[in-house]
Amino acid sequence: MKLRTKMNLLFSIIIIVIGTALGYSIYVASIDLISESIGIKAKNIVENVAYNIDMDELQKVTERTLQIREEKGNVQEILNMPEYQSLREQLWDFKRIYRMKYLYIMTKTKAGETIYVLDAFPLDYQGNDVSLPGDVELNTYEYLEAAIDEGKVFIGELTNDRQWGANLASYVPLLNSEGDIIGVLGIDIEAKDIYDLMAQTKERIVLFTAAAVIVVLGISWLTIGVVTRRLRKLTSKIKKVREGDYSVEFDTNKRDEIGELEVAFDELVGVFNDSEIRINNSLIDLSKSHKIEELDQKIIVNIKNALSVESVDILEFDGESIQADKTKLNLPYHYIQKYLRENIECLKIGNLVKVNEGFLTLIGLVDDKYRLLFIDGQNVSLSQRDKLSIRLLSRYIAVFYENLTLIEELSDKIMDFENGGDAPSWMSKVFLQISEKERKRLASDLHDEILQSIIKMRRDVSNFLENPSACKDDVLNRLEKMEEEFDEVILMIRETCNELLPSFLSEKGIVMAIDRLIERASLKSNIVINFEAFNVDSRLEYEELLTVYRVVQELINNAIAHSKATEVDLMLRQDVEKFVIYYNDNGIGMDLNTKIDTNKHLGLNGIKERIRLLNGTVSMSSELGHGLEFSCQFPTKKVVAC
């Protein structure tokens with residue numbers, strides 16, 4: 001779900017909830033105000049009526065009503081009581097004077113029933129709506145019950161039922177001379193107008209609330225649209241930068257938070273653009289070196305130009321001491337040598353460390369000697385951009401050193417071939433070992449999986465044929481099972497063929513092919529493989545695609561079988577003129593200073609050979625217990641469209 005949709009939903013829910021709560025609060029407050037204002041008027045009336053009632057007469061009538069109710073006597077005895085007739089006529093007069101809908105006196109029996117004592121109607125009234133002494137009130141009214149139980153005045157109870165209609169009731173407890181409750185005097189005022197007003201008020205509040213919610217929602221959606229539109233614009237710019245386009249920029253004059261973010265992004269892209277141009281120019285210059293000594297000089301010149309520093313040199317360290325005769329700077333050799341003896345195994349290519357008053361980083365190995373770049377730190381402040389540039393250049397420089405070393409070794413070998421006249425046996429042995437290794441792996445796959453499945457199926461068929469009494473259903477069930485087993489064998493054969501000749505490289509592309517390779521590797525082991533591809537398209541030739549696939553396949557197989565790694569980082573990047581493969585794991589690593597045993601690391605030699613055939617280069621960095629860092633690149637035969 002997109003951010004704009006989430007924000008719209010969230011704000012819509014919040015606004016609707018707040019609007020509903022606000023509208024309901026206004027409605028309740030208005031009803032309470034109406035009820036309270038009318039209820040106060042009713043309270044004054046009922047208190048005035050209660051003040052003029054003869055409590056002694058009322059107590060006699062109440063006691064007699066309760067007695068007859070309990071004994072199920074004749075209510076006519078109460079109707080004939082002079083006290084009852086006097087009180088009823090008195091209440092009727094009050095009812096007519098104050099234009100009340102109902103006026104009555106009620107009490108409660110020992111059984112908890114609320115019964116009528118008096119109802120303000122004329123004595124000769126015979127209608128069905130008059131309540132006689134002892135009649136039980138079937139409806140329950142909260143304020144009425146509270147007035148009887150607590151002996152307090154309650155006003156403004158709105159009621160609406162089929163029997164009595166819409167009323168606003170008030171209740172006053174009636175006390176005798178000793179302070180005991182005799183009953184409750186209740187007054188009901190016609191409330192139909194109040195309910196009509198409530199309905200009108202409710203309708204107006206609903207319409208007003210709905211209109212306010214719609215307006216606020218519209219404003220919030222427009223605001224969110226403006227904000228997210230700028231964020232989408234920023235996202236599209238970031239995607240272009242991720243694809244290698246550093247020419248993007250924002251034309252903004254807004255000074256809000258997003259505007260500040262756009263300005264900061266422009267500055268960041270400018271830094272990357274400048275760094276890329278400087279690094280590319282440096283790499284082009286460094287790549288033209290033919291000798292290690294020439295490369296050393298160009299490294300110093302390019303670092304000085306890139307960082308605007310004066311004191312830069314390259315140090316050689318053999319594990320014990322620095323070759324001081326090869327440096328031109330006046331350096332604190334004793335301190336640097338001591339530091340390197342203690343920490344050389346921990347230094348990584350490109351990682352810049354502060355040593356005394358300078359900066360030091362490892363840039364490669366030449367003839368089993370460490371090559372280190374030293375930058376005099378006096379009056380020099382390196383920014384994060386400078387440190388990033390040094391890190392990137394150092395990794396490429398390490399590759400250049402290795403390439404030049406290999407070229408020199410290859411030149412020596414060629415000279416030996418010319419002098420000896422015969423190809424060395426080790427070369428034939430290497431290619432023979434590669435071929436034998438592939439045969440063994442294929443034989444293992446066929447024997448361990450496919451052949452075993454076929455043998456099992458052959459045994460099942462023999463057992464089935466030896467059972468002549470098998471019925472038709474048994475035959476069908478067995479054939480269906482065999483069909484499923486054949487499908488599994490076909491699938492295993494297809495996977496083996498894909499590994500031998502992955503035809504889907506041209507159909508689906510190298511990225512999807514490697515994704516499938518990683519999925520299969522994850523099923524066989526618990527290793528976590530983090531894979532990313534940048535600007536990789538389908539314009540590579542099949543030879544190049546197959547090389548990339550085989551290199552990645554061998555690296556993953558090595559991680560599972562030998563390195564004991566739990567996590568692998570794998571990256572493919574296609575630039576205008578080259579294709580780069582980067583690999584890093586957290587496995588047990590290896591000592592690259594010792595001679596590599598081709599029996600154990602034949603796959604790595606195969607990788608180097610494949611990349612060499614594409615005129616590419618390979619770089620490896622590893623230490624015992626610190627994993628393996630591997631990178632290779634080769635020039636592409638097709639031009640990548642930008």
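Computed from the C-beta positions of D460 and A561, the FRET efficiency with R₀ = 25 Å rounds to 0.15. Couplings 3J(HN,Hα) of segment 529-535, computed from phi: 10, 9, 10, 9, 10, 10, 6 Hz, in residue order, whole Hz [Karplus 6.51 cos²θ - 1.76 cosθ + 1.60, θ = phi - 60°; x for Gly and Pro].
Ranked from largest, the principal axis spans of the Cα set of segment 38-159 equal 39, 31, 29 Å.
Placing a label point 7 Å from the Cα of N44 along the Cα-to-Cβ line, the residues of segment 100-123 whose backbone N sits under 20 Å from it are 100-103. Using a simple spin-label model with pseudo-atoms 7 Å out from Cα toward Cβ, M482 and E150 lie 9.0 nm apart. Based on the convex hull around the alpha carbon atoms, segment 276-325 presents an average projected area of 4.4 nm². Using the Cβ-Cβ distance between V226 and I26 with R0 set to 41 Å, the FRET efficiency from 1/(1 + (r/R0)^6) comes to roughly 0.85. Between D575 and V301, the distance separating the two model label sites (each 7 Å from Cα on the Cα→Cβ line) works out to 2.0 nm. Between I284 and K192, residue separation times 0.36 nm minus the direct Cα-Cα distance comes to 23.7 nm. As a calculated quantity, the FRET efficiency between M512 and K240 at R0 = 30 Å, using C-beta atoms, amounts to about 0.80. Amide H to amide H distances under 5 Å link D135 with Y116, where only residues 5 or more positions off or on other chains count and H is placed in the peptide plane. The equivalent ellipsoid of segment 89-128 has semi-axes of 23, 12, 8 Å, largest first, where each one is the square root of 5 times an eigenvalue of the Cα gyration tensor.
Every read-out reported here was derived from the displayed coordinates using simple, explicitly stated rules and does not represent laboratory data. The model shown is predicted, which means the values in this text are computed figures rather than measured ones. Because the Cβ atoms are built from the backbone with ideal geometry, glycine has one as well, and the counts that use them run over all protein chains shown.
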